[in-house]
Each structure stands twice: as C-alpha cells, then as structure tokens.
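Colleague: First, the structure itself, so that you have it in front of you.
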Amino acid sequence: MSPRAQVYILAVLLTLMGAGLTIYKNRELGFPLLPGEYRTVWTIEAKVRFTADGGPVKAALTLPRSQRNMEVLGETFSSSGFGFNIVRDDDEYRAVWSRRSASGNQSLFYQLDVHQTPGAPLEQPLELSTEVDKPFLGAREQEAVRQAIYSLVEGARDRSADTRTFTAQLLTALNDPRNQDRNLIFGYFKDRTLVDVALVVLAAAEIPAHRIRGLYLEDDRRRLDPEDLLEVYDGRRWVVFEPNTGNPGVPKNFFIWQRGGKSLLDVEGGRNSRVTFSVISNDVPARDVAMLSTSNEKEALVDFSIYSLPIEQQSIFKLILLVPVGALVVVLLRVFVGLRTSGTFMPVLLAIAFIETRLFTGLAIFVLILVLGLWVRFYLSRLNLLLVARIAAVVVTVVILMGAISVVSYKLGIEQALTVTFFPMIILAWTIERMSIVWEEDGPYEVVVQAGGSLLVAVLAWWVMTNRFVEHWTFNFPELLLVLLGIILIVGNYTGYRLGELMRFRQLVR
Amino acid sequence: MGRFNLNQFLAKLRGGIVSPFALRRLGVLGMNARNVHYIARYNDRDLYPVVDDKLNTKRAARRHGIRVPELIAAFDSQPSRNRVLQVIEPLWQFVIKPARGSGGKGILVVVGREGENYLKPSGAQVTKEDVLRHVSNIHSGLYSLGGKPDRVMIEALVDFDPIFDKYSFEGVPDIRVIVFRGFPVMAMLRCSTHSSDGKANLHQGAVGVGIDLATGKSCHAVQRGLRISRHPDTEMPFDELVVPGWRDLLRLASSCYEMTGLGYLGCDIVLDRKRGPLLLEANARPGLAIQVANGVGLRTRLKHIEALDLEQLEKSVEERVAYSMEAFAAPRTMEQQASA
C-alpha cells in the first residue's frame, strides 16, 4: 500500500474514532457539545417530623426507586443523634433512622438531587401484585354506596371497550360534580382523596390498581404533600393515569417517589408523624451534571481520563490541550499560506503566553522585551563571547527585563503587566539571538518580516485557542485530538500550491 | 455596497495572485509538492550527512574525482587562538565557512589585507579579533541548523573566471544546477547586485539568470520577480552571456548523483580561472527560485525524467548529460525572442 493511501486510511480511522467517542460522550454520557449549556437540577428535600414519646424511636422513610427519566446525581441524609441505615424491604429501599430514646419534636432530612433525562419514566413489566382485594360493602348502611359504586362501574363499562377506556370513563365520572352516584360515594368516604375512592371503585370492578406517590417538580415549592397518581393493570401491562384529568401516562415533570400502596413513612415510638417535601431547581452547567452522573456509574471513558486528575492538574491540561490546536494553526498557515516565522512552533508558545496575559498586554510586552533584548544582544556581540555564554547572558537579561517590567508596571498601577512571567524565557532568549543573526545576515527588513510573521501566526493561534467553542471542545472532548491528528495527517499530504507561491510565481504565467 | 467593495478587493488581489490552475498548467513546482513528491521520495535521510556537512561533501567529492575548492584547514574542536592565527597568517585570501551552515550563512570571505586588518569583498575591513570571533561563533553552532556545535573550515578563495566579472557586483557568481536522478534538469546563474549587498540570494535582490541547458547561454533573467535584460549595476546585457565549458560543468553536476546518491539534488558550482568548474556545495533541499529565473516550471521536466524507463536511468554521466542537453533545450533563445 502506498504511503499516501495509508495516510488517508489512518486519518479516516482516527477521525472516525475521535468523532465516535465524541458522539458517544455527548449522546450517552450527556456531555454538552456546546459551551454554556445548562441543565436543571432539582433538589428535593423530604422532611420527616414527629413528636417522640421518650422511648426508643424508629422512623422508616421509603426512598425513591431509580426512575428512567430522572437521574439521581447525589443524595444526603441528616440524622443528628440518630443511627442511620438503608434497608431493603421487598423491592423498596427504606431509610431507617433509629435512636434509643428521644422526646419532643424531631426533624429528619433526606435530600436528593435529580436531573431529568429523556426517556420513558417507568419500566415494564414490573413485578407488582395484580391481586384484587374486593372492598367489603356488605353491611346494611353501605347498601346505597354499594349501589352507587356498581352503578358507576356499569355506566363506565357501557361506555368503554377495555380497561384503559374504562378507567378513563370512571375518572371522568368521579370528577363530575353533577354525577349523583359520585356525590353519594364521596359523601360516604369523607376525607378520602380522589385516588382512594378510585381505588375502591376499581377494586369493586375487579381491576388491579394501586397508587403512585410522587411530586411535581416545580421551582421553589415548600412543604408539599406527596401527590398521587393511579396505576391500573389492563391485563398485560400497567398504565398510569393522572386522576384529575383522566389522562393516561406519567405527567412530564412528575417525580415518582413510591410505586405501590405501602406506607411512605412509618414511625415507631412517635406521634404526629408527617413527611413534607420541598423542591428547588438549580441551573447547573451541563458538564458538571454529566460528570456527576458518570462518576456514579464509573464510566471507564471518564474514569480513566483527565477528569480523574486533581483540579489543579486539570487546569494545566486545559492549557496543554490547546497546544495541538495552535500547532494545527501553524501547520495550516505554513502549508496553505507559507508564512515565514522565526522558529516553527515558537508562535504557539507565544500564543499560550498571550492567553495568560491578554492579547494587547502580551503583544506590548513581547515587542518591548524583543527590542530591549536585541539592543543588549548587539552590545554583547561586541564582547566576543562564546555562543552558549551569550545566550545565557541574554536569558539573564530577559529575566531582569521581565522583573523590571513587573515592578515598574506594578508601581504604576498596571497590574496586567504582572503576567509577564508567563512568557517562556528561554524561547524569548533564543528568539532574540536568532533575530539578531537575521538582522546581521539579512538586514532589519527580514527581522520585521519574520517577527511580524511570528506575531501574526501567534495572534491567529491565540484567537483560535481562546475561542470558547475550541476551549470547550478540547477540554471536554479530548478525543477530538484524534480528529485533529487526522486533519494534520491529511494536510501533510497536500501537494498543491501555497498562497504565497501564487504571488511568487506570478511572473511565470505572464 | 459591500459587494462592490468585494469586487474591487478581488480585482486588486488578482493583480498579485495567479490562479493555481495556471501554475499547474505551466508545470510549476510548489514547495509542498517538492517536499512530498521529490525530497521525501528520492532523497533518503541517511544520505543527508554527505551534503549537509561540507567537509563530508569535500571528502566524498575527492573520492569521486569531483573538483572542489582547496581545503586549507578544518577544526573539529574549538581551536585555540594561536592555531587559527597560525593557519591564516600566511594567507592573503581565504574563506571561513561553517561545515553545516545553511543558506550561505556564516561565510566570511577575505580577499586581501590592509595592514593588520582583513578586507572583505565589499571593501570593509575586519580585525583579527573579528575573524577569531567568527571562528568561535561557527564552532558554537550559531549558523548550523538547530544550533549544534559545528566544524570550522578554511578554504582557499576560488580564483574566479573573469568571464562573469561584469555580471556581478562585489560578490561571487555561482551556478545552481538541479540534478534529478542524475539528469541535469535546470540551471541558473546567480549574480549578486548592489541591492543584494553582494549576496547571491534571489530573495535579497540578486539576479537569477536562467541558463539554457543545451548551450550554456542565458535565456531569461529576473530580479525581484521582474524580468530584466541587463545587469542593474553593470548594465551588461545578459543575452551575451555564455558559460564557458558548459558540458564539463553539467558533467560535474551530473556526477554528483553518484557521489551523493540523492535523487533530487541542487549543485552549486563556481568557475575557477584555471581549474574550470568546482563544486562549492550540494543541497538536498534546493529552492524553487530557479523556476522564476528560467521562467519555466520544473515539474514538467521532473515528470519527463520520471517517465523514463529503467534502462535509460542506468546511463552513464556522459549519456545523461547528452540526453538532458537535448531534451531540455530552451525553446527559444533570447536573440530569437528579441527579434520576434
């Protein structure tokens, strides 16, 4: 295979690999493709309150099961003075707080951060009991209620074709205040909620059903009581109904806390127990959300990456990862334009310094150091020093200049110039040395051309490297370096003319 | 309005830029194509030391019977003051060069003496100290690629054939021949001018004179990208210029292929009054300015050689030179052009 074909195959492979990993990280792990994307993270707090009797206390709160469209990013418990553990009870998790003796009002907190993801909220099939306990309505005084219930059931059955439509009809009837049967039933079941009544009626119709407890995620809601949904078994699968409207399906912003009819909170050794919820929404950078959710799952791609480094090293890498971008700019300008620079990749180092110093400060400092350095270098050249000693002398001069610039500008109140320390000293010294040779050999014009070319490339590299998209992509998708490598390989194969050559050879055409 | 301005801008650009298709049609070789198609393909890296170090070049040339300027001394390590002075003391004229210098950098030419001082071709004087400092600079790698420590060589000054005296201002005219797989494909004479400060680099204002491979006569001359017919300083018309002993010169260039093994090679040759053509240095990455000097693209000629069958590539130096002189003759000489 010819080297050229190999390059193309390699470049395509690298590009596909990089792009594939990027898409995977975006689609599956939720890393945002664009900077500045925010995700809403809901902080839900459950507050358990009760009055302890003075003896041993045990409070058990059912914890939410994992839900497909809600990702739990983190949870915290507060349990001052209480022993705490999480126990598995059937297929529910319960938080159990316990204490040998307690008296007075007690407050316990459970807090979790969730983030909504697209997808179906509930999993099917679910191993939930489909047995029906028919309500006992045989007593005499219940005759009227029983008749009302069966009349409702009959009416709904007439107007429906299957369990789903039956449930919808039933809920419509139960929500209709002009319906006599409904009013009679609610009159009998005083203080009972719509879902309680609906469950009784469904049981009478021998349809398996249970309640779903949960919360509507709305910002800044405090002291909420859990809300109920109705889940009905239609013979093959479970269908959720919003009881007030009769609409099937889980409402979009509903966070399911508990599925099935068991109690939400059990307190032993206490009275007046109550659980209330509060909901707050926060806008969190999408990347942080992705980091949190992947760190829970120990995703190898993230776990064995730059993100596993300490924050300080990460910020260094943020800069290092920009170097290849600068190198690409240099390659493009060299291969397609043909700009002359002093030292092939020196402009990239300059660009990195510019990132720290801001562009104009950086340019000013660079030109100042270059001019002063050249001046000193011209004097040094008259002293007949050996090259290494002379460059070392220039390095020392550069350091002194940097120090002087820092001190003087600080005294003058120009804090920006303090960033002068970010300039690579050795590179500056070599640049000065090389420039002075160019001056001697090719004249000052060539110095201006080369310094100008270097600065132009450095500014362009700086401009690309500080682009917020580029910054975002290089740090969050380091896989894109593979794509970059592919591009560089392909550019390295370009054998066409450079822009400068179109000018250089123009006389040949005429 | 914006459209109007854009058109103006494009028209302005068009004045200075030509279409890449036009260049391709003319067979102009670009830098990228040179690097990928010719240097990378025909020049093995392990052969570079022969040409990158002029001392190695000299040694190889001696083995292959190629004439070179006489080497007076070479210093491997940092020479002591006395040692250098001892060498240059008896000399009237000499050249100090870095063995691995690039682009003609670091070459100090001394053409005479003025008391204690040495004279440069421009008439400027340099002191003994300057010469010693120059030697020290060369040794510490100031002029070599990557700043590596370098060797210093002291050569005898070539006794230039006076034929070019009127075509050169202050400096040394040399002839660059591009040799591709042993076949000379293009040649030019580089004449320094006043504006090039005695240097023979075209981008510094030296005149590039394209030389017809068949005859050794000049066929085209260019300074700073513009066609000229006379030397800007001496007013000598180029169409009278003929390189003497042209076939010998081409033979010398062509035999550099066997010497270096490099497929794509630039040979810099000077004419000595008595010894004839001498190889000054060989270059594994010859520049592209030769196309401008000749007004002809290099690519067509390189393609021509590439299309030859293996048997023809096995030819001897003599046969290759004959082939090139016939195949790459300039279509029209300058006189014909002037009369047309």
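Read the figures in this text as sums done on the coordinates, not as results from a lab. Not measured: the values here are computed from a predicted model. Cβ sites come from the backbone with ideal geometry, for glycine too, and all protein chains shown count toward neighbours.
Colleague: Enumerate by residue number the chymotrypsin sites (Phe, Trp or Tyr not before Pro) in region B:65-163 meeting two conditions: DSSP loop (anything except H, G, I, E, B), and at most 15 other Cβ atoms within 10 Å of the site's Cβ.
Modeller: Passing both the DSSP loop test and the Cβ count: B:92.
Colleague: May I ask you to derive the relative contact order of chain A, considering only C-alpha pairs under 8 Å and at least 6 residues apart, and to give it as an integer percent?
Modeller: 21
Colleague: Could you state the number of Å between the C-alpha centres of region A:53-92 and region B:105-155?
Modeller: 86
Colleague: Looking at chain A, identify the longest residue range that excludes and avoids all chymotrypsin sites (Phe, Trp or Tyr not before Pro) in DSSP loops having at most 10 other Cβ atoms within 10 Å.
Modeller: The segment A:305-510 is the longest one with no such site.
Colleague: Which residues among region B:166-188 fall inside the zone where the amide N is under 12 Å from a point 7 Å beyond the Cα of residue B:194, along Cα→Cβ?
Modeller: Of the residues in region B:166-188, B:169-170 have backbone N under 12 Å from the label point off residue B:194.
Colleague: How high is the FRET efficiency from residue B:21 to residue A:493, r the C-beta distance, R0 22 Å, rounded to 0.05?
Modeller: The calculated FRET efficiency here is 0.65.
Colleague: If you don't mind, there's one more thing I want to ask. Would you mind getting the Kirkwood hydrodynamic radius of region A:316-477 from its Cα pairs, rounded to one decimal in Å?
Modeller: For region A:316-477, the Kirkwood estimate is 16.4 Å.
Colleague: Sticking with this one: Collect residues whose amide H, placed 1.01 Å from N in the peptide plane, falls under 5 Å from the amide H of residue B:272; neighbours closer than 5 in sequence don't count.
Modeller: For residue B:272, whose amide H was placed from the backbone, the distant partners under 5 Å are B:161, B:278.
Colleague: Another question about this same structure. Could you tell me the relative contact order of chain B? Use alpha-carbon pairs under 8 Å, at least six residues apart, and round to a whole percent.
Modeller: Relative contact order of chain B: 19 percent.
Colleague: Whole-Hz Karplus ³J(HN,Hα) for region B:105-122, in order, using 6.51 cos²θ - 1.76 cosθ + 1.60 and θ = phi - 60°, x for Gly and Pro?
Modeller: 7, x, 9, 10, 9, 10, 9, x, 10, 9, x, 7, 8, 10, 9, 8, x, 6
Colleague: Roughly speaking, what is the centre-to-centre gap between region A:390-415 and region B:40-72 when only Cα atoms are used, to the nearest Å?
Modeller: That distance is 46 Å.
Colleague: Within region A:196-238, name every residue whose backbone N is under 15 Å away from a label modeled 7 Å from Cα of residue A:91 along the Cβ vector.
Modeller: Answer for region A:196-238: A:237-238.
Colleague: Then there's this: So what's the net charge close to residue A:491: Lys and Arg +1, Asp and Glu -1, counting the other residues with Cβ under 15 Å from its Cβ?
Modeller: Net charge in that neighbourhood comes out at +3.
Colleague: Whole Å is fine, so just give me how far the alpha carbon centre of region A:210-275 lies from that of region B:258-308.
Modeller: That distance is 88 Å.
Colleague: Based solely on its DSSP helices, what 222 nm [θ] is calculated for the protein assembly as shown when runs of n ≥ 4 H residues each add -39,500 (n - 2.57) and the sum is averaged over all residues, nearest 500 deg cm²/dmol?
Modeller: The per-residue figure over the protein assembly as shown is -12500 deg cm²/dmol.
Colleague: With a point put 7 Å past each Cα toward its Cβ, work out how far residue A:109 is from residue B:159 in nm, to one decimal.
Modeller: With each label point 7 Å from Cα toward Cβ, the separation is 10.2 nm.
Colleague: Looking at region B:235-340, which trypsin sites (Lys or Arg not before Pro) are in a loop (DSSP not H, G, I, E or B) and have at most 13 other Cβ atoms within 10 Å?
Modeller: Here the sparse-neighbourhood loop sites are B:273, B:274, B:332.
Colleague: Applying 1/(1 + (r/R0)^6) with R0 = 35 Å to the Cβ-Cβ distance of residue B:310 and residue B:227, what FRET efficiency is obtained, to the nearest 0.05?
Modeller: Computed FRET efficiency for residue B:310 and residue B:227: 0.35.
Colleague: Now for a separate question. Run the quick spin-label model on residue A:367 and residue B:125: label points 7 Å from Cα toward the beta carbon, then report their separation in nm to one decimal.
Modeller: Here the modelled spin labels are 4.0 nm apart.
Colleague: Using 0.36 nm per residue of separation minus the Cα-Cα distance, give me the extension gain between residue A:17 and residue A:38 in nm, one decimal.
Modeller: 4.8 nm
Colleague: Given the Cα-Cα distance of residue A:150 and residue A:318 and 0.36 nm per residue of separation, how much length would full extension add, in nm?
Modeller: 53.5 nm
Colleague: Another question about this same structure. Taking 7 Å along the Cα-to-C-beta vector as the label spot, tell me the residue A:101-residue B:166 distance in nanometres, rounded to one decimal.
Modeller: 12.7
Colleague: Now a separate question. List the trypsin sites (Lys or Arg not before Pro) within region A:245-295 that DSSP assigns to loop and that have no more than 12 neighbouring Cβ atoms inside 10 Å.
Modeller: A:252
Colleague: Would you mind getting me the FRET efficiency between residue A:24 and residue B:47? Use the beta-carbon distance for r and R0 = 51 Å, nearest 0.05.
Modeller: Plugging the Cβ-Cβ distance into 1/(1 + (r/R0)^6) gives 0.60.
Colleague: How many lysine pairs in region B:26-179, separated by 8 or more positions in sequence or lying on different chains, have Cα atoms less than 24 Å apart?
Modeller: Step by step, the pairs that qualify in region B:26-179 add up to 16.
Colleague: In peptide A:491-500, how many Cβ atoms from other protein chains are near each Cβ within 10 Å, on average?
Modeller: Neighbouring Cβ atoms belonging to other protein chains average 5 per residue here.
Colleague: Please state the relative contact order of region A:316-477 as a whole percent: Cα pairs under 8 Å, 6+ residues apart?
Modeller: 41
Colleague: Consider a paramagnetic label point 7 Å from the Cα of residue B:83 along Cα→Cβ; state which residues of region B:104-133 have an amide N under 18 Å from it.
Modeller: B:131-133
Colleague: Note the full-extension length gain between residue A:466 and residue A:411 as 0.36 nm times their separation in residues minus their Cα-Cα distance, in nm to one decimal.
Modeller: 16.8 nm
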